Structures are given as C-alpha cells and as structure tokens.
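Reading through the structure tokens given below for one structure.
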C-alpha cells in the first residue's frame, strides 16, 4: 500500500520525519521521526504508524501531518 502526501510517496519501511500537533489537537507542534510500520485507512481518514529509535509507536493522521519528509 502506498499513499501520496504533498508529492511524497510514503511506503512501509520508509524513514519519515514530520511535525504533528501535540496530543493531536493543540497548536503546539512536535517533531516525530521514525520508520513507517503500517499504513491504513479508518473512518477518520488515512493514518500511518511510526516506530522511533526508542521503540515507541505512534499513530499519526495524514490530515494533520505538517512538513513530511523522507530521511
């Protein structure tokens, strides 16, 4: 599965760096960087699951992702 975001093809296994609203809704942005483990579609839209270097997983909605970049 592959999704196109701001002219950026995101696939499973890619390393992605992006900004995301803190707690998913605040006006404070936090940088997330990790390996894409899962791409999916839910009732709320398209999402990705990132695993960072510490081993923590984070699900991010692509509607809220700001400045995505492959690393």
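Across the stretch 32-71, C-alpha contacts under 8 Å between residues 6 or more apart give a mean separation that, scaled by the residue count, equals a relative contact order of 31 percent.
Just the Kirkwood number for the chain, please: inverse of mean 1/r across all distinct Cα pairs, in Å, one decimal.
Details: mean 1/r = 0.0827 Å⁻¹.
Taking every pair of different Cα atoms in the chain, averaging 1/r and inverting gives 12.1 Å.
Model label sites at residue 44 and residue 8, defined 7 Å from Cα along the beta-carbon direction, differ in position by 2.0 nm.
Which whole-number percentage describes the relative contact order of the stretch 2-70, with Cα contacts under 8 Å and a sequence gap of 6 or more?
Details: 135 pairs, mean separation 21.9, N = 69.
Relative contact order comes out at 32 percent.
Here, each number is a calculation from the coordinates, and none is a lab measurement. All of these numbers come straight from a predicted model, not from anything done at the bench. A quick note on method: Cβ atoms are made from the backbone with ideal geometry, for glycine too, and the neighbour counts reach across all protein chains shown.
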